[in-house]
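Worksheet: one structure, shown below.
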Amino acid sequence: MPEIVDSIVYLNVCETQSEKCDLIRTGASHVHYWGVDWFKESNIIILYSSDIGIYAWAESDSWNKVEVTQEMNNYANKIYEELKK
C-alpha cells in the first residue's frame, strides 16, 4: 500500500506470514503519474514514475534497488500505458 510523505511516494510492503513490514522510499512525486506492480512471479517490485523514471527493488534481507533490465523496462512501460487509460 503506498503512503505519501512530503509529496514523496513510499511503498509499505508487508509479508503475510510474518507480518513484517518495510517502507521503501521511491523518490517519486505523488503529483506525477506513477504506477507500481510485482515483476512477474518474483520478489521484485517495479515502479514507473513520470518524474524520476523506472526503478526496481528486490527483497533479500531488506529491499534494495536492483538494475532495471530491458524486460523490466518493457513491463514498466506497460504499467504506464495502463495509467493513461
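At-a-glance table
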quantity	calculated
Leading residue by the ranking (nearest to Glu82 (Cα to Cα)) among those in the range 9-27 that are modelled with pLDDT of 90 or more, out of contact with any Pro (no Cβ under 9 Å at 6 or more places or on another chain) and not β-branched (Val, Ile, Thr)	Gly27
Residue list for the range 63-80, restricted to those being part of a loop (DSSP other than H, G, I, E, B), open to solvent by 50 Å² or more (accessible area, probe 1.4 Å) and either of a type in the set (Val, Ile, Thr) or over 26 Å from Lys20 (Cβ atoms) (or both)	Thr69
Unmet requirement for Val31, which otherwise passes all of (1) open to solvent by 50 Å² or more (accessible area, probe 1.4 Å); (2) part of a loop (DSSP other than H, G, I, E, B); (3) at pLDDT 95 or above; (4) not hydroxyl-bearing (Ser, Thr, Tyr)	(3)
Flag if Leu83 is in contact with a strand residue (DSSP E or B) (Cβ under 9 Å, 6 or more places away or on another chain), open to solvent by 80 Å² or more (accessible area, probe 1.4 Å) and aliphatic (A, V, I, L, M)	no
Residue match in the range 13-21 (condition: of a type in the set (Val, Ile, Thr) and free of Cβ contacts under 8 Å to residues at least 12 places away in the same chain)	yes
Selection count where residues are among the charged types (D, E, K, R), farther than 19 Å from Leu83 by Cα and within 14 Å of the chain's Cα centre (by Cα), scope the range 28-51	0
Qualifying positions in the range 1-25 - surrounded by 10 or more Cβ atoms within 10 Å (Cβ to Cβ), under 14 Å from the mean Cα position of the chain (by Cα) and farther than 17 Å from Ser62 by Cβ	Pro2, Glu3, Ile4, Ile8, Val9
Residue tally, condition open to solvent by 40 Å² or more (accessible area, probe 1.4 Å), part of a strand (DSSP E or B) and within 23 Å of Glu15 (Cβ to Cβ), over the range 34-62	5
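The values are calculated or read from the model by the stated rules, or taken from the named source; none is laboratory data. This one's a predicted model, so the numbers in the text were calculated from it and none came from an experiment. Neighbour counts run over all protein chains shown; Cβ positions are idealised from the backbone, glycine included. Side chains are part of the model used for accessible areas, which takes the heavy atoms of the whole protein and leaves out ligands, DNA and RNA. Shrake-Rupley method; radii C 1.70, N 1.55, O 1.52, S 1.80 Å.
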